[in-house]
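Participant: Structure provided below as structure tokens; questions to follow.
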Amino acid sequence: MGIPIFPILRERLTEIDNELRERFGLTLQTAEFNPKKASILFEYFVLYNVVLSVDPDELRIDLRRRSGPPYLPLPGVKYWKTAGRFGDILEPSIVARREKDTYNFWFDRPLLYFVKGEEASARPDIVVRKGQFEFRDLAFSQEKVQLLREGELIAETGIASLSSIPKEESGYTVLVPSYDWEQKVSYFKFRDEFIHPPLIIECKSYGAVLGNIDRYASHAETVVVVTPEKLYEPKKPNIHVLKIQNKRQLSNQELRQKVTSFLLAL
């Protein structure tokens, strides 16, 4: 990380914060308190510019937490193991509305959970889906949280007794861990479209670990990697690398121009 990069990122995020205040009466949110790593600031630089690239008329921002558990958690008594906290991964981090279009952004949220004996969990930087989504937190009454699109259940997380685990049905997959806690287990029920979103955006900069991009390419219709650094040549045709040419400038407008076409294609 070059010495000037951190203050440049801070400056660009301050510009975005001013824009959010003037246009929407909102402030720039981060899940961490005063993040100090350039790689983390770069992720927010990409996230907010991707959101603003659709030129929204209305925004809702909720970055209460950076990520959910990378595994199906034990349904214990600790607050971070409850159905409600588990279900937070289903709620969009940012919703942007423009005329009749609604864009939904999930930031650093699990896309697929690890189950013993199966493939590892997947947690992209940014997942983008278009459409009207409804988030239902039923954790207090029924110990489950749901995500619906146009009234249809897309994904559900919850806590169930061993005798009442949701059954797999046509169009849905149910993941359940091999362990239980006092005869209860967590579960993840989803339609195939949930783990195959139209767009995944990955950020790679300043020492950040690059995820398994080829694996993401097998999930998403399109994967976009935003980076100021040198990367390998994509092995899959649906992977696109957006190279920031002048990392000493990191222009907000330049990044928006480069990502706009991918958002409008949704």
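Since every read-out is calculated from the coordinates, none of them should be taken as a lab result. The structure presented is a predicted model; accordingly, all values stated were derived computationally and were not measured. Neighbour counts run over all protein chains shown; Cβ positions are idealised from the backbone, glycine included.
Participant: Past 27 Å, Cα to Cα: identify those pairs from LYS36/LYS243; LYS36/LYS235; LYS37/LYS130; LYS230/LYS258; LYS36/LYS204, in the order given. Walk me through the numbers on the way to the answer.
Facilitator: On the way: LYS36/LYS243 23 Å; LYS36/LYS235 33 Å; LYS37/LYS130 31 Å; LYS230/LYS258 17 Å; LYS36/LYS204 16 Å.
Pairs exceeding the cut-off: LYS36/LYS235; LYS37/LYS130.
Participant: Under a point-charge model restricted to the Cβ atoms of Lys and Arg (+1) and Asp and Glu (-1), what is the dipole moment magnitude of the chain relative to its Cα centre, in debye to the nearest 20?
Facilitator: Numbers: 38 positive and 37 negative charges, 140 e Å.
Value, rounded to 20: 680 debye.
Participant: For the chain, what is the calculated [θ] at 222 nm in deg cm²/dmol (nearest 500), taking -39500 (n - 2.57) for each run of four or more DSSP H residues and dividing by its residue count? Numbers along the way, then the final one.
Facilitator: Details: 6 runs with 64 residues, N = 266.
Dividing the helical sum by the residues of the chain leaves -7000 deg cm²/dmol.
Participant: Evaluate E = 1/(1 + (r/R0)^6) for ARG98 and GLU193, where r is the Cβ-Cβ distance and R0 equals 25 Å; express this FRET efficiency to the nearest 0.05. Walk me through the numbers on the way to the answer.
Facilitator: Values: r = 23 Å, r/R0 = 0.90.
That pair, ARG98 with GLU193, gives E of 0.65.
Participant: Pull out the extension gain between SER178 and PHE24, defined as 0.36 nm times the separation in residues minus the alpha carbon to alpha carbon distance; nm, one decimal. Write out the running numbers ahead of the final one.
Facilitator: Working: separation 154, 0.36 × 154 = 55.44 nm, distance 4.62 nm.
Contour length minus the Cα-Cα distance gives 50.8 nm.
Participant: Gaussian network model of the chain, Cα springs within a sub-10 Å range: biggest mean-square fluctuation belongs to which of ASN246, ASN104, ASN212?
Facilitator: ASN246
Participant: Projected onto the charge dipole of the range 5-264 (+1 at Lys/Arg Cβ, -1 at Asp/Glu Cβ, origin at the Cα centre), which of SER251, SER170, ALA122 gives the Cα projection farthest towards the positive end?
Facilitator: SER251
Participant: Compare the peptides 51-59, 168-176 by average per-residue count of other Cβ atoms within 10 angstrom and give them in order, highest first.
Facilitator: Numbers: 51-59: 18.2, 168-176: 12.8.
Result, highest mean first: 51-59, 168-176.
Participant: Could you order peptides 151-158, 236-243, 122-129 by the average number of other Cβ atoms within 10 Å of their residues, highest first?
Facilitator: Result, highest mean Cβ count within 10 Å first: 122-129, 151-158, 236-243.
Participant: Let me ask something else. Under the classification rounded if a/c is under 1.5, otherwise prolate if a/b is larger than b/c and oblate if not, where does the chain fall, given a ≥ b ≥ c as square roots of the Cα gyration tensor eigenvalues? Before the final figure, lay out the partial values.
Facilitator: Numbers: a/c = 1.77, a/b = 1.65, b/c = 1.07.
Taking the square roots of the gyration eigenvalues as a ≥ b ≥ c, the chain is prolate.
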